[in-house]
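**Q** Sharing a structure, written as structure tokens. Questions coming.
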Amino acid sequence: MNRLKQLGIDVSVGTLNFLANTGIMLPYILILFQYQKTQSATYLITLVAVYISRAASIFYTKRLNLRSSTYLILTLVFGALGSLPFALTTSLGWLIAGSVLWGYSAATIWPYFLTVKLHLTHTTHFKMKSVYWLVFLLMGLLLGLDFYLKLSFSLSFALLAVLNLVALPGGLLLNEFTHDFYRGQPNQRHGLKQFWRWWLSVVFFAAIALLTTLRKASLNISYWVTLGIILVALVIALIELYADRTKLVNFKLRLINRGFMLSYVLLFSSFMAYYYWGKLGMYLVFVVYLIGFEGGAGILGALAHHDADQKRRLGQGLLIAGHLLVLIPWKWPYLLGLLLIALYIGDDNPTVNRELYESEVVDDDSAIINKYRFSTAGGLLCQLVLFGLLVVASATHGLSLLAFFKPANASHWFLYTWAVNWPLVLCSLGITLANIVNHRKQAAMEKDDTLTD
């Protein structure tokens, strides 16, 4: 009986691990496939709704002042409730409600899962068992089989609802394990007192919703109105960043830079790659990103002989080289440049997790959420700059915005190279250089403090 109980716990925690690692993309991908299959306005609306809910949730999730372990349980409940409408109905109202819940779960399940893992690592002997990754593999194969056999998407939606429920006991168990960590911890208050920011955020995410729709469908909106909306959203984003100017001062630029580069690689480059490799391009970019993200820390560590200072300098050098390579209008330097950028992101990710969690500028329970908050802000800034450049390029050459997102041929390759790719890369390079200079100033100040002591 005990072995059976332990097996059940392992399956539950393994399922939670699977959902935490894949949850940010699964809802969006499933609804995207359903929209592509049906071309229904209903699924287009729900696609935008889940995207906006996912983007907005990371900014406002901490307002209830709950523990991260409690939020983790909440994400599983919302994930199950959000999946069910897609499995049971095609009613727009229910699907929008499901999208909002699912978007919140997708945005927050990984940050809270990672936070709880870090708590347990620092207070217990908890570590991920091999069986958890075996469950991860089985869940991935199960969903992959569903896609390959082209079974009803309702089955996939229902399966995700079941998986969230299966993971719930694992979430409750991890919540129990964190009691020692939270005992004696001060109650952190995260409420938003500046209500004008709520209203600005409504306008901002309405603009993001419109731009997201324009990636999928043609709307009867003039280029100059669209450009005006983008500029308003950019101003709001800058106001938000200025309002948070005292938060995570030593980390903010680094996190914004991370988000900007992630959007460049995964959003812009996924479409730009069509002009180099056709339909294969998007898959090549994703494979390169996975190699860099998953292997960055190990590869750079080996090249730098596991010397932390040397690895940091190597990573910064590769990152600058990556930016310069993607400026070259040839497909192989472009792909190599994306790989170097992804390697840097993959190497920096565990480092910034550790440094932010162990820093004294933010409480341990909200460190990771704050990381993803500013990283998401950087990603949204990249999207706004991207859309602004696309609008100008499209307007001046009489093209539709969809000509970039749904190209029929590669005839406008050089237009998108000089009018969109180059300015976007130069923006990213500027943020990167500013981040490097800022990091070196911090290191010099810390060295001076150490010598003074």
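**Q** Within segment 41-98, take every residue that is small (G, A, S) and in contact with an Asp or Glu (Cβ under 9 Å, 6 or more places away or on another chain) and give me the one that is surrounded by the fewest Cβ atoms within 10 Å (Cβ to Cβ).
**A** Residues of segment 41-98 small (G, A, S): 41, 49, 53, 55-57, 68-69, 79-80, 82-83, 87, 91, 93, 97-98.
The next check asks that each one be in contact with an Asp or Glu (Cβ under 9 Å, 6 or more places away or on another chain); those that pass are 68-69.
Numbers: S68: 27, S69: 24.
The extreme case among them is S69.
**Q** If you check A297, A304, A308, which single one turns out to be free of Cβ contacts under 8 Å to residues at least 24 places away in the same chain and open to solvent by less than 60 Å² (accessible area, probe 1.4 Å)? Can you show your working first?
**A** Values: A297 fails: free of Cβ contacts under 8 Å to residues at least 24 places away in the same chain; A308 fails: open to solvent by less than 60 Å² (accessible area, probe 1.4 Å).
Being free of Cβ contacts under 8 Å to residues at least 24 places away in the same chain and open to solvent by less than 60 Å² (accessible area, probe 1.4 Å) holds for just one of A297, A304, A308, which is A304.
**Q** Return the only residue of T212, T226 being β-branched (V, I, T), in contact (Cβ under 8 Å) with a residue 60 or more places away in the chain and under 24 Å from M25 (Cα atoms).
**A** T212
**Q** How many of the residues making up segment 364-378 are buried (at least 21 other Cβ atoms within 10 Å of the Cβ) and more than 17 Å from I109 (Cβ to Cβ)?
**A** At the first step, the residues of segment 364-378 found to be buried (at least 21 other Cβ atoms within 10 Å of the Cβ) are 365, 367-378.
If we keep only those that are more than 17 Å from I109 (Cβ to Cβ) as well, we get 374, 377-378.
Residues meeting the conditions: 3.
**Q** For segment 311-324, what are the residues that are open to solvent by less than 60 Å² (accessible area, probe 1.4 Å), within 24 Å of C427 (Cβ to Cβ) and of a type outside the set (A, V, I, L, M)?
**A** Passing the criteria: G315, Q316, G317, G322, H323.
**Q** Please work out if L248 is in contact (Cβ under 8 Å) with a residue 24 or more places away in the chain, in a helix (DSSP H, G or I) and not aromatic (F, W, Y).
**A** Numbers: in contact (Cβ under 8 Å) with a residue 24 or more places away in the chain: yes; in a helix (DSSP H, G or I): no; not aromatic (F, W, Y): yes.
No, not satisfied.
**Q** Filter segment 301-330 down to residues that are over 21 Å from R440 (Cα atoms) and either outside the structural domain of D348 (by the TED database) or aliphatic (A, V, I, L, M) (or both), then give me how many there are. Working first, answer last.
**A** Our first condition is that a residue be over 21 Å from R440 (Cα atoms); within segment 301-330, this holds for 302-303, 305, 324-330.
Then drop every residue that is not either outside the structural domain of D348 (by the TED database) or aliphatic (A, V, I, L, M) (or both), which leaves 302-303, 324-328.
Residues in segment 301-330 being over 21 Å from R440 (Cα atoms) and either outside the structural domain of D348 (by the TED database) or aliphatic (A, V, I, L, M) (or both): 7 in total.
**Q** Let me ask something additional. Cβ-Cβ under 7 Å, sequence separation 6+ or interchain: first residue in segment 5-27 and part of a helix (DSSP H, G or I), partner of a type in the set (D, E, K, R). Which pairs?
**A** Note: pairs meeting the criteria are D10/K129.
**Q** Can I ask one more? Please go through segment 28-40 and pick out each residue that is crowded, with 21+ Cβ neighbours inside 10 Å and part of a loop (DSSP other than H, G, I, E, B).
**A** none
**Q** Considering only residues of segment 113-131 that are open to solvent by 60 Å² or more (accessible area, probe 1.4 Å) and not in a helix (DSSP H, G or I), which is modelled with the lowest pLDDT?
**A** K129
**Q** Touching a residue at least 24 places away in the same chain (Cβ under 8 Å) and more than 15 Å from the chain's Cα centre (by Cα): does that describe L76? Please lay out each step first, then the result.
**A** Values: touching a residue at least 24 places away in the same chain (Cβ under 8 Å): yes; more than 15 Å from the chain's Cα centre (by Cα): yes.
Judged against the criteria, L76 is a match.
**Q** Are any residues in segment 406-441 over 18 Å from I328 (Cβ atoms) and exposed (fewer than 15 other Cβ atoms within 10 Å of the Cβ), and if so, which ones? Break it down stepwise before answering.
**A** From segment 406-441, those over 18 Å from I328 (Cβ atoms) are 406-409, 411-412, 430-431, 433-441; that's our starting set.
Residues satisfying the conditions are K406, A408, N409, S411, G430, A434, V437, R440, K441.
**Q** Same structure again: Looking only at segment 229-243, count how many residues are touching a residue at least 40 places away in the same chain (Cβ under 8 Å) and open to solvent by less than 60 Å² (accessible area, probe 1.4 Å).
**A** Within segment 229-243, the subset touching a residue at least 40 places away in the same chain (Cβ under 8 Å) is 230-231, 233-234, 237, 240-241, 243.
From what's left, open to solvent by less than 60 Å² (accessible area, probe 1.4 Å): 230, 233-234, 237, 240-241, 243.
Residues in segment 229-243 being touching a residue at least 40 places away in the same chain (Cβ under 8 Å) and open to solvent by less than 60 Å² (accessible area, probe 1.4 Å): 7 in total.
The values are calculated or read from the model by the stated rules, or taken from the named source; none is laboratory data. Since the structure is predicted, the reported quantities are computational estimates derived from the model, not experimental observations. All Cβ positions, glycine included, derive from the backbone under ideal geometry; neighbour counts span all protein chains shown. Protein only, heavy atoms only, side chains kept; ligands, DNA and RNA dropped before computing areas. Shrake-Rupley method; radii C 1.70, N 1.55, O 1.52, S 1.80 Å.
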